[in-house]
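Take a look at the structure set out below.
The values are calculated or read from the model by the stated rules, or taken from the named source; none is laboratory data. Please read all numbers here as calculations on a predicted model, not as lab measurements. Note: ideal-geometry Cβ built from the backbone for every residue, glycine included; neighbour counts use all protein chains shown.
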Amino acid sequence: MNKKVLVTGGAGFIGHHVIDYLLRKTDWDLISLDRLDFSGTLSRLQEVVGQNKKYGSRVRVIWHDLKAEINDFTAKDIGHVDYILHLAAGSHVDRSIENPMEFVLDNVVGTANLLEYARKRLPNLERLLYFSTDEVFGPAPEGVFYKENDRYDSGNPYSATKAGAEELCVAYENTYKMPIMITHTMNVFGIRQHPEKFIPKIIRYVLEGKELTIHADKECKNAGSRHYINTEDVADAIMFLLENGKSGEKYNVVGKQETDNLELAQIIAGILDKPLNYKLVDFHSSRPGHDLRYALCGEKMKEMGWVPRKELVERLQEVASWTIENDRWM
């Protein structure tokens, strides 16, 4: 019997890539549980399913807003589930600063409702993977790479609500012995990403010759840095953990190299063979609640046998080429 996977937020950016990966790599049946707001769009899933008509019979979309409990009708519609991948979340830092309660409801209450559904209705659930973020650890000083169980130091309401939901998952695993795993993932990029995000914005600004704003330290000398990771590698890591991960464990899913945002923009401009127009600005004054540097240690996954399959530059080349050919997504 084929596995059946419930993906919350499956019409979102990362969620639809995970569904795409599982369609290509497995024979599993998939359900996308989504409320289809500005973050989730069926056009993403339609492109994925449209690539091969046989995929259509393996994917169902169920509308549900996790701020409400999963009731009898919705639970019956979902049916038996082997794995849950909980990717649905409010994830916009600026909006979380403007309206923290919206994120408490989406991320903390939404996760609690999903956990209660799984606890009460899925006694034979094999895996529940909660998709968390590097931001729960707060800013990383130079030379520091946070490990999976280091302390939290949330810098904004978004990261605080992700940390709160993460602790609920820990509590449910401890209390009810549910098969829950947690990932921390750094900045994810890929095709069909919202054009407001940094890498799509770089591509658009470079092609249009616009001046790109890059956040830096107070002296505007050093740009912020991240370990960027492609969606294909994230989906590959999730599949690896479904096969090799352990309940009650946390795992950092990290890109191969740390790259500062100016260097990233220069790489993309080089790929596009266009000049880069930019200015460095003090991120403290321009983006309160944001952190200049995030960094995770990826040694745990590496020792288990998983690392990203391709280098950052190769992934950026793939995304830039695809974006130019599919400019409607810009």
| Out of curiosity, is H80 on the phi < 0 side of the Ramachandran plot and touching a Leu at 6+ places or on another chain (Cβ under 7 Å)? | no
| note | The condition of being of a type in the set (D, E, K, R), out of contact with any helix residue (DSSP H, G or I) (no Cβ under 7 Å at 6 or more places or on another chain) and on the phi > 0 side of the Ramachandran plot holds, among K177, K147, only for K177
| task | Run F13 past the list (1) of a type in the set (F, W, Y); (2) in contact with a Ser or Thr (Cβ under 8 Å, 6 or more places away or on another chain); (3) at pLDDT 95 or above and report the number of the one that doesn't hold. | result | (3)
| query | Taking the condition of a type in the set (D, E, K, R) and closer than 29 Å to H80 by Cα, does K147 pass? | reply | no
| request: Starting from residues that are within 19 Å of L242 (Cβ to Cβ) and in contact with a Phe, Trp or Tyr (Cβ under 6 Å, 6 or more places away or on another chain), keep the ones in region 152-179 and report whichever is surrounded by the most Cβ atoms within 10 Å (Cβ to Cβ). | output: C169
| Between residues in region 128-141 that are at positive phi and in contact (Cβ under 8 Å) with a residue 40 or more places away in the chain and residues that are charged (D, E, K, R) and surrounded by fewer than 24 Cβ atoms within 10 Å (Cβ to Cβ), which pairs lie under 7 Å by C-beta distance while being six or more apart or on different chains? | G138/D153; G138/D291
